[in-house]
1. List pairs: first residue in segment 275-298 and free of Cβ contacts under 8 Å to residues at least 60 places away in the same chain and more than 17 Å from residue 234 (Cβ to Cβ), second residue part of a loop (DSSP other than H, G, I, E, B) and near the ligand (Cβ under 10 Å from one of its atoms) anywhere in the structure, Cβ distance under 7 angstrom, at least six positions apart or on different chains.
2. I'd like the full set of residues that are buried (at least 17 other Cβ atoms within 10 Å of the Cβ) and part of a helix (DSSP H, G or I), limited to segment 111-149.
3. Can you spot a residue in segment 54-61 that is in contact (Cβ under 8 Å) with a residue 12 or more places away in the chain, more than 12 Å from the ligand (Cβ to nearest atom) and either part of a strand (DSSP E or B) or farther than 21 Å from residue 318 by Cβ (or both)?
4. For segment 205-218: of the residues being in contact with a helix residue (DSSP H, G or I) (Cβ under 7 Å, 6 or more places away or on another chain) and either free of Cβ contacts under 8 Å to residues at least 24 places away in the same chain or within 13 Å of the ligand (Cβ to nearest atom) (or both), which is farthest from residue 106 (Cα to Cα)?
5. Pull up segment 83-110, narrow it to residues that are in a loop (DSSP other than H, G, I, E, B) and crowded, with 21+ Cβ neighbours inside 10 Å, then point me to the one that is nearest to the chain's Cα centre (by Cα).
6. For segment 248-264, enumerate the residues that are within 23 Å of the chain's Cα centre (by Cα) and more than 16 Å from residue 288 (Cα to Cα).
7. Count, please, the residues in segment 98-121 that happen to be over 21 Å from residue 263 (Cβ atoms) and within 12 Å of the ligand (Cβ to nearest atom).
8. Taking segment 159-195, which residues are without any contact (Cβ under 8 Å) to a residue 40 or more places away in the chain, under 23 Å from residue 50 (Cβ atoms) and surrounded by fewer than 20 Cβ atoms within 10 Å (Cβ to Cβ)?
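Read the figures in this text as sums done on the coordinates, not as results from a lab. Bear in mind the structure is a predicted one, so any value in this text is a computation, not a measurement. Using ideal geometry, Cβ is built from the backbone for each residue, glycine included, and neighbour counts are taken over all protein chains shown.
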Ligand SMILES: Cc1cc2nc3c(=O)[nH]c(=O)nc-3n(C[C@H](O)[C@H](O)[C@H](O)COP(=O)(O)O)c2cc1C
């Protein structure tokens, strides 16, 4: 972290968390944030679901909900970025306050509830995107929708031409009953609709499914079955958790999804179980509590072809993507591997 980033982070931490987040997006748009540029090497380049990534460390959904800062973010050292969630119609989300920092726990709780400017506004920004980066969109559903399953397809139809990948997010805990769409039957119907929309578009992009960490082994097994059946392009594991185990901060009982350090172990277990259930046949992206290169490497060994992060950036700044990617390069080299893909799934059993 450089001096500017340290001072910036200190300043941002003294604001209300949602205001601090808004200011960091503004700073990015104004070109005030220091950017690492592309971080890559022959050991770090990897292909996930047909996407060629300069490195396997991505920015998770939810940081740039409205695709306002895609150009600077794509220069920040991440190997790929996911914006959104976008819903068909604009939506205000839940009442404020709805984002809480749990500093002692290196964690956050949010109950945003898919606040976003809607698919049309987001598509217009995505149309201006840089072409030399890998950019995906997290698809969501409107809270008051009559047909939530169809909402995912509608957002994809609006934005798909400007995307490298899209993620079906049925795992946010902040839209009532959304997670019910993770059941095998509902999930299969929903994904069939999204895949048909994708197939009807001129550009064939990979479709990922993002799942919750609070699933039983049986539920994970069902999801793996659906993914294999439908030849889904990949699964992102995981979203935030409803669990509150071991937290110290006064905000621990706030409603919403918990992210950051306390999520690491739980989300890595779900990832490993998925890797086991799919026999390594479905590309997986590991997310949840990644704050160091060691943790990113652990997710990769547990079965992830790439990782994503969000909350650790709140505590360590924007340079964290580049820092973790460089750390991974060193670790892959120390293990005597010629490419990071050789490490994928080498330690799955440890997490089962
Ligand atoms: C403030 C906030 C907003 C989020 N919004 C979304 C979202 O819109 N869609 C989504 O799939 N995940 C969302 N997430 C979840 C993250 O993408 C990620 O899955 C989760 O935070 C775990 O990763 P982390 O521990 O590195 O933060 C959000 C997370 C946070 C902290």
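1. 295/289
2. 119, 122, 123, 125, 126, 148, 149 - these are the residues of segment 111-149 that are buried (at least 17 other Cβ atoms within 10 Å of the Cβ) and part of a helix (DSSP H, G or I).
3. Checked segment 54-61: no residue is in contact (Cβ under 8 Å) with a residue 12 or more places away in the chain, more than 12 Å from the ligand (Cβ to nearest atom) and either part of a strand (DSSP E or B) or farther than 21 Å from residue 318 by Cβ (or both).
4. Residue satisfying both the conditions and the ranking: 209.
5. Selected residue: 87.
6. 252, 254, 255
7. So the count comes out to 2.
8. 192, 195 - these are the residues of segment 159-195 that are without any contact (Cβ under 8 Å) to a residue 40 or more places away in the chain, under 23 Å from residue 50 (Cβ atoms) and surrounded by fewer than 20 Cβ atoms within 10 Å (Cβ to Cβ).
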